[in-house]
Amino acid sequence: MPVPLFDTSGPLEPLRGELRAAIDRVLDSERYILGPEVRAFELEFAAYLGASHAVGVANGTDALTIALRAMGVGPGDEVIVPSFTFYASAEAIPPTGATAVFCDIDPETFCVTAETVRAVMTPRTRAVMAVHLFGNVAPIAEIEALGVPVLEDAAQAAGSLGPGGRPGALGTAATFSFYPSKNLGAFGDAGAITTNDEQIAERARALRFHGSRDKQTFEDIGYNSRLDELQAAVLRVQLPHLDGWADGRRAAAAHYAEAGLAELVSLPIATAGAKPAWHLYVVRSERADELEQALRAAGIEARSYYRRPTHRQPAMLTELDLPGTTEAARTNLALPISPVLSVEQVAEIVAAVRAVA
């Protein structure tokens, strides 16, 4: 049988009845925008993370822009961001009026480090966007020790654990995407901002609704960016299962190691003290493109990510020497991962890699 890169249906199969009931509950309520489901999910998600506040928004990209503005980022400021990440991480910065400043990563963990951040800091640095890429956990405390606020881009890290707690409650603020293929996925676009700072949370709530706190007085130029009731209801059904799914993802990663994959490619390395809930299981190989073609021919979905890093994209083209980024972009290949990936499927995937490597 074909092996998908993401299995979004398998984990949800036992929850179909609950999901239908949750959707029916919203339909019966006739409340669709910023109602009781959103309020309940915000409380439940914040409690799960260990954060004081969660603010539901329309998607993960809006979450980044709104969070930066709520943190006080604006024109004339610089925000440090890794180049090896999805384009939205950097794309969210210019709408604040600030400038994106690209930093390098550690190619073994795919995360920024205090050293790569320090290398590009200037007096205009107002914030660092630390991406928990592929579900790994960036070293937030070490970056915060540089004396600058940190915004966690935790879009890929729901369910992960760091040495200081869960992503989403480690920095000044954090953002999540609940895109359907994420570790905690909605049935469409959805996102959230989390923080322990009440002022940041309050400003984020106003910015998501056109810059208004009461729908009458508009204090700022904001956004129409609200998590809707249907998506919140769907997320509430899934949230209690997130830790179990995260354990399943970690188990799948262990199966890869036990099957001898490390003899063939370089496996992803968790950052110190982290237990990643791997959103993507990304290996490195000098023959990554050849492996991808062979796996696809065998019915196994594999995919390279960010072959052209953000600082080399036409809209943000800059001439920078980022060796870790260059290596990761050239050699990475994502293999199938999900909470329900079986030992048999892993054996099939490793056998296909072995036939090439």
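Rule-based calculations on the coordinates, nothing more; no lab input. Since we're looking at a predicted model, the values are computed, not measured. Positions of Cβ are backbone-derived with ideal geometry, glycine not excepted, and every protein chain shown enters the neighbour counts.
Annotation: the antiparallel percentage among DSSP beta bridges lying fully within the chain is about 60. Here are several values of Rg and Dmax of the Cα atoms in Å: (1) 20.6, 72; (2) 20.1, 65; (3) 21.6, 74. Which one was derived from the coordinates shown? Recomputing Rg and Dmax of the Cα atoms in Å here picks out (2). When the Gaussian network model of the chain links Cα atoms closer than 10 Å, the mean-square fluctuations of 122, 172, 195 top out at 122. Of all the options 24, 189, 214, the one that moves most in a Gaussian network model of the chain with Cα springs shorter than 10 angstrom is 214. Short-range pairs are left out: with C-alpha atoms under 8 Å and at least six residues apart, the relative contact order of the chain is 22 percent. With neighbours defined as other Cβ atoms within 10 Å of a residue's Cβ, the residues 281, 179 order from fewest to most as 179, 281. Both radii come from the Cα set of the range 242-356: Rg as radius of gyration, Rh as Kirkwood radius; their ratio Rg/Rh reads 1.00.
Under 10 °C and 1.306 mPa s, how fast does the range 129-277 diffuse according to Stokes-Einstein, given a Kirkwood radius computed over C-alpha pairs? Answer in µm²/s, whole number. For these conditions, the coefficient is 94 µm²/s. Of the residues 316, 71, 129, 1, the one with the fewest other Cβ atoms within 10 Å heads the list, and the complete ranking is 1, 316, 71, 129.
Footprinting exposure proxy ranking of 245, 278, fewest other C-beta atoms within 10 angstrom first, gives 245, 278.
Among the GluC sites (Glu not before Pro) in the range 150-234, those located in a DSSP loop and surrounded by at most 13 other Cβ atoms within 10 Å of their own Cβ are 219. When every Cα-Cα distance of the range 295-357 is counted in 10 angstrom steps from zero, the calculated P(r) takes the values 18, 37, 24, 18, 2 percent.
For the options 295, 12, 317, a Gaussian network treatment of the chain with springs between C-alpha atoms closer than 10 Å singles out 317 as fluctuating the most. Using only side-chain charges placed at the Cβ, +1 for Lys and Arg and -1 for Asp and Glu, the dipole size of the chain relative to its Cα centre rounds to 260 debye.
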